[in-house]
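The values are calculated or read from the model by the stated rules, or taken from the named source; none is laboratory data. Because the structure is a prediction, the values reported are computed rather than measured. Cβ coordinates were reconstructed from backbone atoms using ideal geometry, including for glycine residues, and neighbour counts include every protein chain displayed. Note: areas computed on protein heavy atoms with side chains; ligands, DNA, RNA excluded. Shrake-Rupley method; radii C 1.70, N 1.55, O 1.52, S 1.80 Å.
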Amino acid sequence: MIEHASRAATREVVRSVLAADCACPASAFVEDGLFVTTAEERPGRRRYPRLAKPLGVVTMGRGVVVSCHPTWIAWLQETLGNRSRETIFSAPTITELARFVAQEGEVLLGPALSHVCDHEAFRPAVDPAGVIFSVVEGKDVYDLYQHFDFEDALDYEPDCPRPDVAAAVARRAGRIIGIAGMSADSDALWQIGIVVVAEERGAGIGRALVGRLTEYAFRRNRVPFYTADVGNVRSHALAASLGYWPAWVELFARERSPA
């Protein structure tokens, strides 16, 4: 793990985890061009479910890494090989890839933009007046599962491979008005998700919640990250206000949900 990490050290942690996710060398993320590789299990990866035929398309701003089922490599190299990074993440190419994975009963999600934070960049939030904040950790998080409508913050599954390790809770007059949850997505990267009830948004509650979990991750020498679809401008602005900075963009296939 890292201690009092700089931006350079944080980037190195991110590259290491993404390389484990994609089963590629970490150098593929700092070199220009396309790198297509066979998806496989690697230690240190984010613990997301593995599909029978996986597909991930990831960039940290230089090269594009495509991790996929071995039978898809030739088609992906031929289809994407002459396209720029910007073109690969454009609507026409995303549509083409979505149609391709749909043949296997999968759906393509993203592009999702993930932000990370380091000690040097972090800017603590100011608590809004009249709101009481608390942080719970470990199995105490499970007590929050009785409160519904916070699915983007909590996993609601005690045995999840990406367990909720902590949660920050905002209350006004005793009522829960916001929760930010932190899940151990990998050994090194811990993800923050947040929900604030509609009538309380825009008052700085989300910043205060995410800020508390950011400090929680730092105390445990983990890198906190925060992910949202590229169109979620308010979420990206919240992350930036705390000193988070964009680290990677990805597309990924998931099983199609039953109708």
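Observations on the structure shown:
- Here Ala203, Ala198, Ala228 are screened, and the one residue that is surrounded by fewer than 21 Cβ atoms within 10 Å (Cβ to Cβ) and in contact with a Ser or Thr (Cβ under 9 Å, 6 or more places away or on another chain) is Ala228.
- Filtering Val165, Val141, Val196 for residues that are in contact with a strand residue (DSSP E or B) (Cβ under 6 Å, 6 or more places away or on another chain), among the aliphatic types (A, V, I, L, M) and closer than 27 Å to Glu12 by Cβ leaves a single hit, Val165.
- The one condition in (1) assigned to a strand (DSSP E or B); (2) free of Cβ contacts under 8 Å to residues at least 60 places away in the same chain that Ala253 fails to fulfil: (2)
- Strands (runs of 3 or more DSSP E) fully within the stretch 55-163 counting 3 or more residues that are among the small types (Gly, Ala, Ser): 106-116
Okay, residues lined up against (1) at pLDDT 95 or above; (2) under 20 Å from the mean Cα position of the chain (by Cα); (3) aliphatic (A, V, I, L, M); (4) buried (at least 19 other Cβ atoms within 10 Å of the Cβ):
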residue: Ser16; (1), (2), (3), (4): yes, yes, no, no
residue: Arg45; (1), (2), (3), (4): yes, yes, no, yes
residue: Met60; (1), (2), (3), (4): yes, yes, yes, yes
residue: Arg83; (1), (2), (3), (4): yes, no, no, no
residue: Arg99; (1), (2), (3), (4): yes, no, no, no
residue: Ala102; (1), (2), (3), (4): yes, no, yes, no
residue: Gly105; (1), (2), (3), (4): no, no, no, no
residue: Leu108; (1), (2), (3), (4): yes, yes, yes, yes
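- Just one of the listed residues (Ser235, Ser186) is in a helix (DSSP H, G or I), small (Gly, Ala, Ser) and open to solvent by less than 30 Å² (accessible area, probe 1.4 Å), and it is Ser235.
- Scanning the stretch 22-38 for residues that are farther than 22 Å from Trp190 by Cα and part of a loop (DSSP other than H, G, I, E, B) gives Val30, Glu31, Asp32, Gly33.
- Among the candidates Arg162, Arg171, residue that is among the basic types (Lys, Arg), at pLDDT 95 or above and more than 20 Å from Phe225 (Cα to Cα): Arg171
- Unique residue being within 19 Å of His115 (Cβ to Cβ) and at pLDDT 95 or above when the list is Val210, Val197: Val210
- Selected residue (only one of Thr71, Thr95, Thr38 is open to solvent by 40 Å² or more (accessible area, probe 1.4 Å), touching a helix residue (DSSP H, G or I) at 6+ places or on another chain (Cβ under 6 Å) and at pLDDT 95 or above): Thr38
- Flag if Arg47 is within 19 Å of Leu113 (Cβ to Cβ) and in contact (Cβ under 8 Å) with a residue 40 or more places away in the chain: no
- For the stretch 213-237, the set of residues classified as at pLDDT 95 or above and in contact with a Gly (Cβ under 9 Å, 6 or more places away or on another chain) consists of Leu213, Thr214, Tyr226, Thr227, listed by residue number.
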